[in-house]
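Participant: I'd like to ask some things about the structure below.
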Amino acid sequence: MERPERTEVGFTTTDPLLSTGGDTPASATLAVVFSTLVAVSGSFVFGSAVGFSSPAQNGIIKDLDLSVAEYSVFGSIWTIGAMIGAVMSGKLADLFARRGAMGFSELFCLLGWLAIIFGKNALWLDIGRLLMGYGVGIISYVVPVYIAEITPKNLRGAFTTVNQLMICCGVSLMYVVGVIINWRLLAVIGAIPCIIQLLGLFFIPESPRWLAKAGQWKECEASLQRLRGKDANISEEAAEIKEYTETLQKLSEAKLIDLFHKKYAHSLIVGVGLMVLQQFGGVNAIAYYASSIFESAVSESQNISGFSGRIGSIAMVVVQIPMQVLGVLLMDKSGRRPLLMVSAAGTCLGCFLLGSSFLLQDLQLWKSSPFLALVGILVFTGSFSLGMGGIPWVIMSEIFPINVKGLAGSLVTVINWFGSWIVSYSFNFLMLWSSEGTFFIFSAVCGVTVMFVAKLVPETKGRTLEEIQSSFT
C-alpha cells in the first residue's frame, strides 16, 4: 500500500488523502491546534539538534580536550543516525501509527541529549549525537505527515508551515542562548521539548488517515469528529477518506528498481539533483559551524571594535525567521522556479562574499573583512530561508507519481542526509586547507543550482498533481 505523501522540513503535502471533502472552508478547532503544537515540539527538537553544535563547539573542545577531527565526528555523526531513521521512518509510522512513531523517536532524542549532558569523553558524545540523529530522522518524516493528515485542506498549508518555523526557532534558540550559557546546560534546554512531546502525545488523537489505512473505521470517524468538533458534519470527509484509502489498497506496491525506469528519469533527476545541490551549497557547514566561521574571520582583526561571533549568531537569528515567513507567503504567488533561482543566486553571492572576506584577510588588503564575512553569512542565511530550504521538498512531493512516491521520498531523503553528513564532516578539514577556497566552491555549487533550476526544474504552481506528473513522462 502506498504511504502518505512524504513531507519534511519546509514542504507541503497535496495528496487527495488529506482532503477534507466538500467546499465549505473548515475552521481550526482547539483539538487541531493543540495536536499541531504537540507535534511541532518534535520539530523544535530537530532545530535544537541542528543548532547545538555551533555554539557548543569551543566549550566542548576545551572541556573535553577534543581534536578538530574528533569534533568533526561529533558534529557530523548525527546525520548517519538520521539516514538510518529516515530509511525506517515510513515503516515505523505505518507500524506504530503516527503518535507511536513520534513517541518512539523522542525516546531516542531524549537518550541522546542525556548522553551529551553527562558525557565525559568523545565516545559518549558521539553515541548521544548518533541516537539523537536517529530520532530526528524519524521526526523529519512523521511530524509533518501527522500535521497534514489531521488538518482541514484549507488550513493545511498554514499548519504545515509551523513545522518549518519551529525548526528555525529551535536553531535560533540554540544560537542565541548558546552564546551565554555552558554547553551542558544548553543540552538540558534541548531535552525539554522531548519531554513536552512525550507527555503531550497522551492527549492528542491518532491520525484518522492512519486509522482508515489500518481498517479501524469507527476509530477513524471518532478521531475525525474530535478534530473537526463535536457538532461538525464529517460524513463527506470520512467517505472520501475511505474511498481514497480503498483505491490505494488496489495499487501494486512499487519496488526500488521501478524508480529507475525511463519514465521516471526526469523526475528522479530533478528530485535528487535539488537535494544534492541544496546540501553541497554549504548550508549545514554554515549552520553547524557558524561560530567558528565568525571567529576565523576575526582571527587577524581583533582590533575591530564591536564585532564578535555572538553578534554574528544573533544577527543570523534576526534574518532567518522573517525570511522563512516571506518565502512561505511568496511560494504560491511568484512560483517555485523564480523563487528557487533568486534564492540560489543569493546563496551564491553570500558564499562569494565569505570567500572574498577570507581572501582579503589572507592578503591583508582590508582590515574590515570580518564585516564582509558577517554580511556574507546573513545574505546566505536569508536567501536560503527564502527558498532553497523548503522548496526542494515541495517540488519533490509534487513530481513523483503516487505509485512510487513513498520509495522516491525515502531515496531522496536519504540522499539529502548523506550529503549533509559529507559536508558537515569535511568542512573543518576544508577550512584548514583553504578558507576562501571552501566558500568559493560552495558559491560555484550555488551558481550551478541556478542553471539546474532554469534548465530542468518545471514550474508546478497552479497545476494539479496529475498535470505535473504527466509532464515528466
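Participant: Pull up region 311-362, narrow it to residues that are modelled with pLDDT under 85, under 16 Å from Thr381 (Cα atoms) and not aliphatic (A, V, I, L, M), then point me to the one that is most open to solvent (accessible area, probe 1.4 Å).
Facilitator: That would be Gln320.
Participant: Something else now. Going by the conditions given, is Val145 at pLDDT below 85, crowded, with 18+ Cβ neighbours inside 10 Å and out of contact with any Cys (no Cβ under 8 Å at 6 or more places or on another chain)?
Facilitator: Spelling it out, Val145 is indeed at pLDDT below 85, crowded, with 18+ Cβ neighbours inside 10 Å and out of contact with any Cys (no Cβ under 8 Å at 6 or more places or on another chain).
Participant: Pairs, please: C-beta under 7 Å, at least 6 apart or cross-chain, first residue under 30 Å from Pro370 (Cα atoms) and in region 315-342, second β-branched (Val, Ile, Thr) and at pLDDT below 80?
Facilitator: Leu339/Ile391; Leu340/Ile391
Participant: Could you list, in sequence order, the residues of region 255-276 that are over 21 Å from the mean Cα position of the chain (by Cα) and among the aliphatic types (A, V, I, L, M)?
Facilitator: If the condition is that a residue be over 21 Å from the mean Cα position of the chain (by Cα) and among the aliphatic types (A, V, I, L, M), then Leu256, Ile257, Leu259, Ala265 are the ones that fit.
Participant: Next up: Might you let me know whether region 251-274 holds any residue that is touching a Gly at 6+ places or on another chain (Cβ under 7 Å) and either at pLDDT below 75 or part of a helix (DSSP H, G or I) (or both)?
Facilitator: no
Participant: Would you check which residues across region 173-228 are open to solvent by less than 20 Å² (accessible area, probe 1.4 Å) and small (Gly, Ala, Ser) and list them?
Facilitator: Selection gives Gly178, Ala187, Gly190, Ala191, Gly200, Ser207, Ala212, Ser223.
Participant: Restricting the search to region 198-247, which residues are at pLDDT 85 or above, within 13 Å of Arg98 (Cα to Cα) and not in a helix (DSSP H, G or I)?
Facilitator: Ile204, Pro205, Glu206, Ser207
Participant: Looking for whichever is touching a residue at least 24 places away in the same chain (Cβ under 8 Å), more than 22 Å from the chain's Cα centre (by Cα) and within 24 Å of Leu125 (Cα to Cα) here; the options are Trp210, Trp217, Trp183. Which one fits?
Facilitator: That would be Trp183, the only listed residue that is touching a residue at least 24 places away in the same chain (Cβ under 8 Å), more than 22 Å from the chain's Cα centre (by Cα) and within 24 Å of Leu125 (Cα to Cα).
The values are calculated or read from the model by the stated rules, or taken from the named source; none is laboratory data. Source: prediction; values computed, not measured. Quick reminder, even Gly has a Cβ in these numbers, built from the backbone with ideal geometry, and neighbours come from all protein chains shown. Only protein heavy atoms, including side chains, enter the accessible area calculation; ligands, DNA and RNA are left aside. Shrake-Rupley method; radii C 1.70, N 1.55, O 1.52, S 1.80 Å.
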